[in-house]
Every structure is written in structure tokens, then in C-alpha cells.
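Peer 1: Before we start, here is the structure in question, set down as C-alpha cells.
The values are calculated or read from the model by the stated rules, or taken from the named source; none is laboratory data. Keep in mind that what you see is a predicted model, and the values were worked out from it rather than measured. Here Cβ is always computed from backbone atoms with ideal geometry, including for glycine, and neighbour counts include all displayed protein chains. These accessible areas exclude ligands, DNA and RNA; they are computed on the full protein's heavy atoms, side chains included. Shrake-Rupley method; radii C 1.70, N 1.55, O 1.52, S 1.80 Å.
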Amino acid sequence: MEAHAATLPVRSRESTGTRAWKWLKRNAIVIYGVLAIAYMLIPIGLIVVFSFNDPAGKFNFTWQGFTLTHWAHPFQIAELTDALLLSLRLAALATLISTVLGTLVALALVRYDFFGRHAANYLIVIPTATPEVVLGASLLSLFLIYGLALGFTTLLIAHVMFCISFVVIVVRSRLIGFDRSLEEAAQDLGANPLTTFRKITLPLIWPGIVAGALLAFALSIDDFVVSNFTAGTEVTFPLYIFGAAQRGIPVQVYIIATMLFAVTLLAMVFTVWQQRRADQLAAMRPEQDV
């Protein structure tokens with residue numbers, strides 16, 4: 001009896017350890033996902049926190065105290081505001097052009113069979129795989145060869161060039177899983193190709209178009225390497241931050257970054273909602289007569 005009683009705590013501990021190990025194996029992927037997300041969001045969280053900091057000097061690297069003074073005047077630095085407005089204007093135009101062209105290219109690659117189609121499917125990925133420093137240097141050489149003055153125009157051409165590939169990839173993935181029977185049903189009911197595209201195709205691929213546009217906008221407003229080669233005397237928001245880092249980044253940079261992150265988060269929520277809505281519409285089928 002005494003020997004049997006002495007083994008009970010050991011068995012109890014073994015049973016607890018076994019249950020803990022089973023729970024860990026069952027939830028390992030969830031734990032990994034939480035840690036990965038935390039790893040990505042910690043730097044963003046620090047940006048948000050330090051946007052409320054009251055630094056003693058030029059460098060906003062150590063926490064000195066909480067203040068809302070800088071949030072009251074987020075655009076008081078004229079050079080920073082000009083750089084931000086330039087980046088927003090550049091990103092908006094690059095997104096508009098690349099989204100239109102990228103969507104048309106994706107439709108051509110998925111819907112039509114033409115000479116060089118398979119090669120185009122591979123070539124469209126090259127800008128996404130090419131190192132940005134190589135891409136920027138090549139674009140700079142191209143502009144100099146053709147005598148284009150570096151400035152907003154060359155920036156726009158460069159940004160549209162590398163954004164188109166990402167738009168094509170996103171929209172093409174949406175088109176590949178598209179149910180063509182919905183278009184055929186619309187045409188059977190008398191709709192012409194333009195009406196079919198406007199009433200059926202466009203609403204269903206719209207979440208993919210929005211996702212590609214958001215990705216293009218984020219890539220454009222965030223780009224530094226290609227812009228550094230092709231900007232000339234223009235100063236975008238990333239270029240301003242790079243220059244300010246050498247003499248002290250003002251708190252307003254953290255505030256604007258927090259604003260951009262908040263807007264991006266809202267846009268992502270809107271895109272997910274649109275995606276689910278489009279999936280629900282695509283899943284709808286007319287009832288068949290028995």
C-alpha cells in the first residue's frame with residue numbers, strides 16, 4: 001500500500017505532462033501564428049507609442065514622457081508635409097494607371113489565347129523578383145539614354161512599371177477561379193458583352209481589383225530604392241525620412257506613419273468585407289426545375 005501510494009504523485013505528474021504536451025501539439029500552429037503576427041506588429045506598435053513621446057532632443061529613440069502636443073500639430077513641418085503630399089499624389093496616380101492597365105493585362109492573359117501568352121505569364125513576374133537596386137539603376141539608365149529629365153514624370157513611370165506586375169498577379173488569381181457560367185447565363189438572357197462585363201464580371205472580380213489597387217498604393221507610397229534613383233530633385237515621404245534619420249527624425253513622422261497604418265487597416269477591413277460579399281454573390285445559383 002505504501003509503495004502504491006508513493007507512485008501516485010509521479011503518475012499524476014506524468015498525466016499532467018502528457019496532457020500539456022497534447023495541448024501544445026494541438027495548438028502549435030495557433031501559437032506559431034500568434035508569435036509571427038506579434039513579431040510583425042511590434043515595430044508598428046512602437047511607432048504608435050513613440051508618436052506620443054516628448055523627446056528631449058532631436059532623436060526620438062528613448063521614452064521621455066507622454067504628450068499630445070505633437071498630435072495637435074502633425075503637419076507643422078512644411079518639408080515633411082510637402083513630401084507626404086507628393087507621395088500621396090504619386091501613389092494615387094500610379095495606382096490608378098497600374099490598376100487599369102494591370103486589370104486589362106490580367107483579363108487578356110486569362111481569357112484570350114494569343115501568341116506569346118505563356119511567355120507573358122512568366123515575364124510579368126520578373127519585376128517582382130528583380131532586386132529593387134537593379135530595377136532602379138536600369139530605369140535610371142533608360143531615362144538618361146532617352147534624355148528624360150528626372151522628376152515627377154520619371155517617378156510616375158517607374159512606379160507604374162513595378163506596380164503593374166502586382167496588380168496583374170492579384171487580379172489574375174481572382175479571374176482563374178471565376179465561374180464563366182454566370183457570364184454565359186447573362187448572354188443567354190440577351191446581355192451584350194459590355195453589359196455582361198459591367199453587370200456580372202466586374203462586380204465579381206472587384207475585390208481582386210481593389211486588393212491589387214491597395215497593394216499598388218502601398219508599394220508606391222512606401223518605395224525608397226527605385227525612387228532614390230529616379231526622383232531627381234523631388235523628395236518623397238520615404239526619401240525625407242531617410243534624410244531626416246541622419247539628423248533626427250521628428251515626432252511628426254511617427255504620427256503620420258500611425259495615420260497611414262490606421263487608414264491601411266480600415267482599407268483591409270473593407271477589402272475583406274468586399275471579398276466575402278463577392279463570394280456570396282458567386283455562390284448564388286438559380287434553382288433548377290426538377
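Condition check ((1) more than 21 Å from V263 (Cβ to Cβ); (2) at pLDDT 85 or above; (3) not charged (D, E, K, R)) across all residues:
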position	(1), (2), (3)
A3	yes, no, yes
A6	yes, no, yes
S15	yes, no, yes
R19	yes, no, no
F66	yes, yes, yes
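Peer 1: May I pose another question? Kindly indicate whether P238 is more than 21 Å from L182 (Cα to Cα) and either at pLDDT 90 or above or in contact with a Gly (Cβ under 8 Å, 6 or more places away or on another chain) (or both).
Peer 2: Yes.
Peer 1: Continuing with this model, one more query. Hey, can you tell me all the residues within the stretch 128-150 that are surrounded by fewer than 16 Cβ atoms within 10 Å (Cβ to Cβ) and within 25 Å of the chain's Cα centre (by Cα)?
Peer 2: Scanning the stretch 128-150 gives T128, A129, T130, P131, V133, V134, A137, S138.
Peer 1: Next question. Go through (1) out of contact with any Lys or Arg (no Cβ under 9 Å at 6 or more places or on another chain); (2) modelled with pLDDT under 90 and name the single condition F224 misses.
Peer 2: Of everything listed in (1) out of contact with any Lys or Arg (no Cβ under 9 Å at 6 or more places or on another chain); (2) modelled with pLDDT under 90, F224 misses just condition (2).
Peer 1: Can A108 be described as open to solvent by less than 60 Å² (accessible area, probe 1.4 Å), free of Cβ contacts under 8 Å to residues at least 12 places away in the same chain and over 30 Å from I255 (Cβ atoms)?
Peer 2: On the way: open to solvent by less than 60 Å² (accessible area, probe 1.4 Å): yes; free of Cβ contacts under 8 Å to residues at least 12 places away in the same chain: yes; over 30 Å from I255 (Cβ atoms): yes.
In short, yes.
Peer 1: Among (1) at pLDDT below 80; (2) closer than 30 Å to N60 by Cα; (3) hydrophobic (A, V, I, L, M, F, W, C), there is one condition L215 misses while meeting the rest; what is its number?
Peer 2: Failed condition: (1).
Peer 1: Would you check which residues across the stretch 58-79 are open to solvent by less than 100 Å² (accessible area, probe 1.4 Å) and not in a loop (DSSP other than H, G, I, E, B) and list them?
Peer 2: Result: T69, H70, W71, A72, A78.
Peer 1: Continuing with the same structure: Please give the number of the condition V167 fails out of (1) open to solvent by 40 Å² or more (accessible area, probe 1.4 Å); (2) at negative phi.
Peer 2: Unmet condition: (1).
Peer 1: May I ask you to list the residues in the stretch 170-199 that are of a type in the set (D, E, K, R) and buried (at least 17 other Cβ atoms within 10 Å of the Cβ)? Walk me through how you get there before you give the answer.
Peer 2: First, pick out the residues of the stretch 170-199 that are of a type in the set (D, E, K, R): 172, 174, 179-180, 183-184, 188, 198-199.
Selection gives R172, R174, E183.
Peer 1: Examine the stretch 223-234 for a residue that is part of a helix (DSSP H, G or I) and farther than 22 Å from T128 by Cβ, and state whether such a residue exists.
Peer 2: So the first thing to find is which residues in the stretch 223-234 are part of a helix (DSSP H, G or I), and the list is 225-230.
Adding the requirement that they be farther than 22 Å from T128 by Cβ leaves none.
Among the residues of the stretch 223-234, not one is part of a helix (DSSP H, G or I) and farther than 22 Å from T128 by Cβ, which makes the answer no.
Peer 1: While we're here: Could you please give the count of residues in the stretch 39-57 that are hydroxyl-bearing (S, T, Y) and exposed (fewer than 13 other Cβ atoms within 10 Å of the Cβ)?
Peer 2: Pass one, the stretch 39-57, residues hydroxyl-bearing (S, T, Y): 39, 51.
Checking the rest, the ones that are also exposed (fewer than 13 other Cβ atoms within 10 Å of the Cβ) come to 39.
So the answer is 1.
One line per residue, one yes/no per condition, for (1) more than 21 Å from A91 (Cα to Cα); (2) touching a residue at least 60 places away in the same chain (Cβ under 8 Å); (3) touching a helix residue (DSSP H, G or I) at 6+ places or on another chain (Cβ under 7 Å); (4) part of a loop (DSSP other than H, G, I, E, B):
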position: D113; (1), (2), (3), (4): yes, no, no, yes
position: A120; (1), (2), (3), (4): yes, no, yes, no
position: A149; (1), (2), (3), (4): no, yes, no, yes
position: H159; (1), (2), (3), (4): no, yes, yes, no
position: F166; (1), (2), (3), (4): no, yes, yes, no
position: V171; (1), (2), (3), (4): no, yes, yes, no
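Peer 1: Give me a count of the residues in the stretch 13-54 that are in contact with a Leu (Cβ under 9 Å, 6 or more places away or on another chain), more than 30 Å from T67 (Cβ to Cβ) and not in a helix (DSSP H, G or I). Write out each step before concluding.
Peer 2: Looking only at the stretch 13-54, we keep the residues that are in contact with a Leu (Cβ under 9 Å, 6 or more places away or on another chain), and these are 31, 52.
Next, only the ones that are more than 30 Å from T67 (Cβ to Cβ) stay: 31.
Pick out the ones that are also not in a helix (DSSP H, G or I) and you get none.
Counting residues in the stretch 13-54 that are in contact with a Leu (Cβ under 9 Å, 6 or more places away or on another chain), more than 30 Å from T67 (Cβ to Cβ) and not in a helix (DSSP H, G or I) gives 0.
Peer 1: Being open to solvent by 80 Å² or more (accessible area, probe 1.4 Å) and at pLDDT below 65 is the filter here; which residues of the stretch 269-290 pass it?
Peer 2: Correct list: M284, R285, P286, E287, Q288, D289, V290.
Peer 1: Look through the stretch 200-223, keep the residues that are farther than 25 Å from V110 by Cβ and in contact (Cβ under 8 Å) with a residue 40 or more places away in the chain, and return whichever of them is surrounded by the fewest Cβ atoms within 10 Å (Cβ to Cβ). Show your work before the answer.
Peer 2: Of the stretch 200-223, the ones farther than 25 Å from V110 by Cβ are 221-223.
Then drop every residue that is not in contact (Cβ under 8 Å) with a residue 40 or more places away in the chain, which leaves 221, 223.
Values: I221: 21, D223: 26.
So the residue we want is I221.
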